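Structure record follows, encoded as structure tokens.
The values are calculated or read from the model by the stated rules, or taken from the named source; none is laboratory data. Keep in mind the model is a prediction, meaning the values are calculated, not measured. Neighbour counts run over all protein chains shown; Cβ positions are idealised from the backbone, glycine included.
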Amino acid sequence: MYRPPCRSFRVWTVLAGVLLLLGLGHSEAAGQSALLTSQVQGALSPEGRDDLYRQLESQTEFLQKQAAVIKTVAKLVGPAVVHIEADVATRRSLQHGQAGRVEEAGSGVIIRRAGKDYVLTNRHVIRGATPDRVRIHLADRRLIRPLRIWEDPPTDVAVMAVDAPHLVDARLGQSDTLEIGDFVLAVGSPFGLSHSVTFGIVSAKNRRDLQLGGTSLKFQNFIQTDAAINPGNSGGPLINLRGEVIGINTAIASSSGGNEGIGFAIPISMFMNVAGQLIDKGKVARAYLGVTIDSRFGPAMAAEVGLPRPMGARITSIADDSPARAAGLRINDVILQLDDAPIEDDAHLVNLVSVTPIGKDVTMVVYRDGKELQLKARLAEMADP
């Protein structure tokens with residue numbers, strides 16, 4: 001069912017951006033002010049209106065060239081985006097801050113890997129559906145069905161094998177190099193309106209520990225964006241200005257059920273780490289350190305152990321015969337760094353370990369008894385739950 005947008009386009013932001021792009025000087029701005037003043041005092045003469053139209057034409061020429069980038073990206077990526085319908089009785093949109101509601105459909109994007117075509121989407125879009133119960137609508141209005149489906153519940157990743165002539169695939173980008181403020185486009189089927197394009201920026205990175213529609217995904221490392229994402233966008237691509245997929249749109253923070261300017265996407269590096277294993281092995285193997293860490297580690301506990309602020313992940317227990325035990329880790333140690341990555345909190349450590357290759361030797365910086373020391377561990381494979 002169609003619903004009107006929850007917010008209008010940011011008019012004042014756009015106007016400010018136009019002024020910056022056009023680089024209006026003081027004298028030109030003064031001229032504009034005079035024209036506006038004269039318009040208030042009385043109608044412009046025909047000559048004045050013609051002059052104003054000429055000024056507007058020259059001023060918008062530069063802005064239109066910038067907008068052409070967005071148009072080109074939309075043209076390149078649009079044919080690779082699909083609309084997905086699945087017979088899933090319990091499918092729910094993922095929302096932070098409010099339980100999700102039933103969602104009619106979702107989105108996906110076609111990629112090519114090792115000469116074969118696949119559709120990337122979210123697990124909650126097709127959860128539990130068999131290939132014959134999933135309908136994939138292509139941009140050229142053809143309808144196809146997947147040959148095979150793989151799902152990974154801890155990350156909400158799903159991938160479908162497809163085969164049809166003349167499929168258009170999207171390019172994958174580097175989500176690890178994203179910065180806050182980078183421009184992005186979200187493409188998908190909000191409220192069933194297929195191939196809708198919205199524009200915004202990366203507003204935050206590394207969002208973890210979100211409660212999404214009553215579901216806590218075990219492994220989270222979301223990109224946050226203000227590009228409008230609504231129910232039905234799930235599974236669709238988040239695109240950079242090079243026309244590359246850098247995320248898969250997954251969830252929103254909303255009190256109304258629609259877009260309120262905060263959406264979340266799985267970084268494509270994390271998504272493909274999972275999707276690649278599903279395609280190649282049929283399952284996901286994750287690395288394992290063998291520690292239980294304190295999710296309540298805050299300012300008071302940090303001060304108690306001698307740290308200036310909450311940082312790292314504090315160990316509360318260590319599994320027997322684990323890489324952590326072999327490395328010499330102890331209860332109450334705080335892991336500050338894993339290889340070159342400073343550890344922000346417990347969820348950050350869990351995510352980093354989970355995407356590290358099994359069998360890799362890692363170096364940890366550990367805070368113990370007021371001192372930092374280095375320990376090495378060889379990560380093992382996590383046993384199936």
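Values for this structure:
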read-out	value
Residues satisfying the stated conditions in the stretch 41-81, i.e. part of a helix (DSSP H, G or I), surrounded by 14 or more Cβ atoms within 10 Å (Cβ to Cβ) and either in contact with a Gly (Cβ under 7 Å, 6 or more places away or on another chain) or touching a residue at least 60 places away in the same chain (Cβ under 8 Å) (or both)	ILE70, VAL73, ALA74, LEU76, VAL77, GLY78, PRO79, ALA80
GLN374 being in a strand (DSSP E or B), over 31 Å from the mean Cα position of the chain (by Cα) and at pLDDT 90 or above	yes
Residue that is farthest from ASN240 (Cα to Cα), among those in the stretch 169-196 that are of a type in the set (Val, Ile, Thr) and in contact with a Gly (Cβ under 9 Å, 6 or more places away or on another chain)	VAL187
Strands (runs of 3 or more DSSP E) wholly inside the stretch 100-198 that include at least 2 residues being among the polar types (S, T, N, Q)	116-122
The lone exception for GLN224 - which of (1) modelled with pLDDT under 90; (2) of a type in the set (S, T, N, Q); (3) in contact with a Lys or Arg (Cβ under 6 Å, 6 or more places away or on another chain); (4) more than 21 Å from PRO357 (Cα to Cα) it fails	(1)
Within the stretch 267-294, considering residues that are free of Cβ contacts under 8 Å to residues at least 60 places away in the same chain and surrounded by fewer than 19 Cβ atoms within 10 Å (Cβ to Cβ), the one farthest from TRP150 (Cα to Cα)	ASP294
Qualifying position, being in the same structural domain as ALA251 (by TED's automatic domain parsing), hydroxyl-bearing (Ser, Thr, Tyr) and within 11 Å of VAL82 (Cβ to Cβ), among THR121, THR155	THR121
All positions within the stretch 296-342 that are surrounded by fewer than 14 Cβ atoms within 10 Å (Cβ to Cβ), of a type in the set (A, V, I, L, M, F, W, C) and closer than 16 Å to ASP369 by Cβ	ALA303, ILE331
Condition met for VAL365 (surrounded by 14 or more Cβ atoms within 10 Å (Cβ to Cβ) and over 20 Å from PHE219 (Cβ atoms))	yes
Residue within the stretch 171-180 that is of a type in the set (S, T, N, Q) and surrounded by fewer than 18 Cβ atoms within 10 Å (Cβ to Cβ) present	yes
Selection status of SER203, farther than 30 Å from ASP294 by Cβ and either in a strand (DSSP E or B) or among the hydroxyl-bearing types (Ser, Thr, Tyr) (or both)	no
When residues of the stretch 101-113 are limited to those that are at pLDDT below 95 and surrounded by fewer than 18 Cβ atoms within 10 Å (Cβ to Cβ), the one nearest to LEU76 (Cα to Cα)	GLU104
Looking only at the stretch 76-100, and only at residues there that are under 20 Å from the mean Cα position of the chain (by Cα) and of a type in the set (S, T, N, Q), the one that is modelled with the highest pLDDT	SER93
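Table: residues versus (1) without any contact (Cβ under 8 Å) to a residue 40 or more places away in the chain; (2) more than 30 Å from MET272 (Cα to Cα); (3) in the same structural domain as ASN273 (by TED's automatic domain parsing); (4) of a type outside the set (Val, Ile, Thr).
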| residue | (1), (2), (3), (4) |
| --- | --- |
| MET311 | yes, no, no, yes |
| ALA324 | no, no, no, yes |
| ILE331 | yes, yes, no, no |
| VAL334 | yes, yes, no, no |
| GLN337 | yes, no, no, yes |
| LEU352 | yes, no, no, yes |
| GLY370 | no, yes, no, yes |
